[in-house]
Amino acid sequence: MPFNYPELKHPQNCNKCAACMNACSLHAITKIDPFEVDKSKCAKRKECFTCIMACRTGALVIVSGDP
Ligand code: SF4
Ligand code: SF4
């Protein structure tokens with residue numbers, strides 16, 4: 001079942017503020033430098049955009065994938 005997860009598509013925009021990490025209540029973003037997502041955790045929220053909304057620099061994009 002496909003789900004949404006964040007990808008650091010524009011790393012040059014990332015200022016390592018950790019807002020994305022702090023916004024995810026599932027703690028699915030495990031590292032920001034380098035950016036790392038635990039997809040098995042993220043997959044528990046299939047239509048979630050919380051981390052992308054929290055990123056003020058537009059560094060993240062949502063992509064669709066399988067766990
Ligand atoms: S999409 Fe939702 S569950 Fe996945 S990492 Fe972002 S905030 Fe967490
Ligand atoms: S919220 Fe955006 S700018 Fe901040 S660490 Fe996450 S990806 Fe980088």
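A short reminder: the numbers here are calculations on the coordinates, not readings from a lab. Because the structure is predicted, anything quoted here is derived from the model rather than measured. Every residue, glycine as well, gets a Cβ built from its backbone with ideal geometry; the counts of neighbours run over all protein chains shown.
Taking every residue in region 31-43 that is without any contact (Cβ under 8 Å) to a residue 24 or more places away in the chain and closer than 11 Å to residue 18 by Cβ and pairing it with any residue that is small (Gly, Ala, Ser) and within 10 Å of ligand 2 (Cβ to nearest atom), at least 6 positions away or on another chain, the pairs with Cβ-Cβ distances below 6 Å are 32/18. Checked against the criterion of being within 11 Å of ligand 2 (Cβ to nearest atom) and not aromatic (Phe, Trp, Tyr), the candidates 28, 54 yield just one match: 54. Looking at the chain, none of the strands (runs of 3 or more DSSP E) lying wholly inside it contains 3 or more residues that are surrounded by fewer than 12 Cβ atoms within 10 Å (Cβ to Cβ) and within 13 Å of ligand 1 (Cβ to nearest atom).
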